[in-house]
1. Has the range 400-413 got any residue that is at pLDDT below 80, on the phi < 0 side of the Ramachandran plot and not charged (D, E, K, R)?
2. Quick check on the range 107-126: of everything there that is in contact (Cβ under 8 Å) with a residue 24 or more places away in the chain and not hydroxyl-bearing (Ser, Thr, Tyr), which residue is farthest from Trp51 (Cα to Cα)?
3. So, Ala165, is that one within 22 Å of Trp366 (Cβ to Cβ), surrounded by 20 or more Cβ atoms within 10 Å (Cβ to Cβ) and not basic (Lys, Arg) or not?
4. So which helices (runs of 4 or more DSSP H) stay within the range 1-120 end to end and still have 1 or more residues that are under 23 Å from the mean Cα position of the chain (by Cα) and at pLDDT below 80?
5. What are the pairs with Cβ atoms under 7 angstrom where one residue, in the range 269-287, is under 12 Å from Phe325 (Cα atoms) and among the polar types (S, T, N, Q) and the other, located anywhere, is at pLDDT 85 or above and assigned to a helix (DSSP H, G or I)? Sequence gap at least six, or different chains.
6. Any residue in the range 58-79 that is free of Cβ contacts under 8 Å to residues at least 40 places away in the same chain and polar (S, T, N, Q)?
7. Checking Gly122 against (1) surrounded by fewer than 18 Cβ atoms within 10 Å (Cβ to Cβ); (2) of a type outside the set (D, E, K, R); (3) under 23 Å from Ser290 (Cβ atoms): exactly one of these is not met. Which one?
8. Residues of the range 258-268 being surrounded by fewer than 24 Cβ atoms within 10 Å (Cβ to Cβ) and either farther than 29 Å from Ile369 by Cβ or touching a Phe, Trp or Tyr at 6+ places or on another chain (Cβ under 7 Å) (or both), which ones?
Amino acid sequence: MTTANKSSRRAIRSLAENYRVIRSYPGLAALLPGVFINSLGGAMVVVSVAWLALEIAPSGYEGAWVALCLGALYVPGIVGRFALSRLFAVLDGRAIIVLDAFVRAASYVLIVVTYHAGGLSGGVYLGLLAVGSVTAPWARGGLHEIVATTVGAEDRLAANSWLMAQGSIATIVGPAVGGIVAAAANPAVVFACAALAAATLMFVVILSVRRRPSSVPSSRARGSLTSSGWAAIRSNSVVLHLLILTFCVGFLFGFLEVALPLYVLNSFGSNALGLGAMWSLFGAGAVLGSFLSTLYGRLQFWTAAVLTTALWAVAITLVGLAPGFALATAFMASAGVVYAPYQAVASTFIQTSFSSVQLPSVGAAWSSIMMVAAPVGYFVGGPLLQVLSPRTVVVISGVATLAVALGGVLLGWLRRREGRIEQEMPGHSFGAE
């Protein structure tokens with residue numbers, strides 16, 4: 001049997017097992033369609049945000065405008081993490097997700113209306129993108145809470161792997177559909193689809209997720225937990241190091257994301273369809289990678305994190321060095337394969353490291369930090385595009401990420417030298433490395 005056949009059969013077995021786990025939790029099974037539709041809308045927007053930015057950007061400043069518009073999807077969430085803490089202190093995960101979906105849907109509808117009315121200036125566009133993203137960190141924490149309170153500890157890796165697989169499938173279909181719609185009509189129509197997707201999630205959560213009054217602390221207690229999110233992360237050295245590693249990777253991913261539209265346009269002469277195709281094949285690779293997530297249970301956690309980071313770095317470097325569009329897209333697909341399992345493994349590790357009561361505050365703290373990473377990368381990568389070619393910026397992203405992975409190897413070696421025992425993924429039997 002070839003290695004490819006073995007990998008395919010292993011992926012199918014993993015998929016079947018994860019599906020069995022999901023079916024054993026009816027509440028989660030009912031929620032998943034809404035999560036998938038919302039992810040699909042978000043994946044479509046990946047193409048339209050950048051392409052609409054290119055439409056309204058002044059000549060010669062395309063890279064800077066793409067960076068600003070992509071940053072508007074993330075930076076406001078950092079402000080919302082602190083400014084809205086009193087409001088979210090009294091909400092459970094269900095209510096948080098509903099509110100986030102409503103705000104995002106309303107903002108996207110306004111983008112569509114102002115675009116077709118001829119009033120979508122750069123400032124209005126940035127403002128509406130910002131409003132639509134202001135509650136995003138809390139929504140991620142809310143989803144963590146729902147999974148943690150719905151699924152048993154021994155099944156969380158399977159549940160998170162399935163969620164990652166759904167997101168990856170959406171990443172396959174969404175950019176391709178978004179590229180087709182943007183090319184055939186205009187990028188604003190893509191925002192209309194994303195607004196409908198967010199509204200769908202809102203109604204699915206209302207209908208399928210029960211309120212859990214007993215699991216939601218009082219306003220005073222929840223506020224205390226929110227302020228302790230940072231302390232909880234700092235108290236676990238492995239989680240803290242994971243946060244630093246993930247931040248560095250996210251920062252350098254910002255270089256790739258801001259450079260990719262111009263890379264596709266300038267180096268290969270393609271358009272929104274080409275950009276959508278590249279992200280779609282990235283998602284296709286991520287689907288396979290997410291189904292193989294459980295294989296990472298055979299590795300110690302830090303080893304798995306560093307290994308996936310290094311493989312991701314190599315793949316992105318090859319994307320930037322590719323002589324043609326087809327080869328660059330193939331390397332993007334391979335990047336999805338090697339990095340997707342890391343997300344499910346990391347989520348499971350975090351959920352297992354903290355109590356279900358701590359998870360909303362820890363999730364919000366984690367998300368607010370991670371939401372800084374890519375925007376900082378955008379704001380550094382955007383100006384770089386004014387002096388360097390998009391291809392060069394992509395290569396810099398890959399090479400610098402490889403340096404981060406090597407730093408992770410050094411940190412792991414120092415931990416072993418100091419006699420610290422590395423933490424392993426829960427729910428599996430592990431061999432020594």
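The values are calculated or read from the model by the stated rules, or taken from the named source; none is laboratory data. As the structure is a prediction and not an experimental result, all values here were calculated from the model. Cβ sites come from the backbone with ideal geometry, for glycine too, and all protein chains shown count toward neighbours.
1. Pass one, the range 400-413, residues at pLDDT below 80: 412-413.
Next, only the ones that are on the phi < 0 side of the Ramachandran plot stay: 412-413.
Still in the running and not charged (D, E, K, R): 412-413.
Yes - at least one qualifying residue is present in the range 400-413.
2. Applying the first criterion (in contact (Cβ under 8 Å) with a residue 24 or more places away in the chain) to the range 107-126 yields 107-109, 111-112, 115-116, 120-122, 125-126.
Keeping just the survivors that are not hydroxyl-bearing (Ser, Thr, Tyr) gives 109, 111-112, 116, 120, 122, 126.
Details: Val109: 18, Ile111: 14, Val112: 14, His116: 16, Leu120: 14, Gly122: 13, Leu126: 14 Å.
The residue in question is Val109.
3. yes
4. Values: elements: 3-23, 26-56, 62-71, 75-83, 85-88, 93-116.
Those helices (runs of 4 or more DSSP H) span 3-23, 26-56, 75-83, 85-88, 93-116.
5. As it stands, the answer is Ser270/Val264; Ser270/Phe325, since those pairs meet every condition given.
6. Yes, the conditions are met somewhere in the range 58-79.
7. Only one criterion is unmet by Gly122, namely (3).
8. Of the residues in the range 258-268, the ones surrounded by fewer than 24 Cβ atoms within 10 Å (Cβ to Cβ) are 262, 265-268.
Matches in the range 258-268: Leu265, Asn266, Ser267, Phe268.
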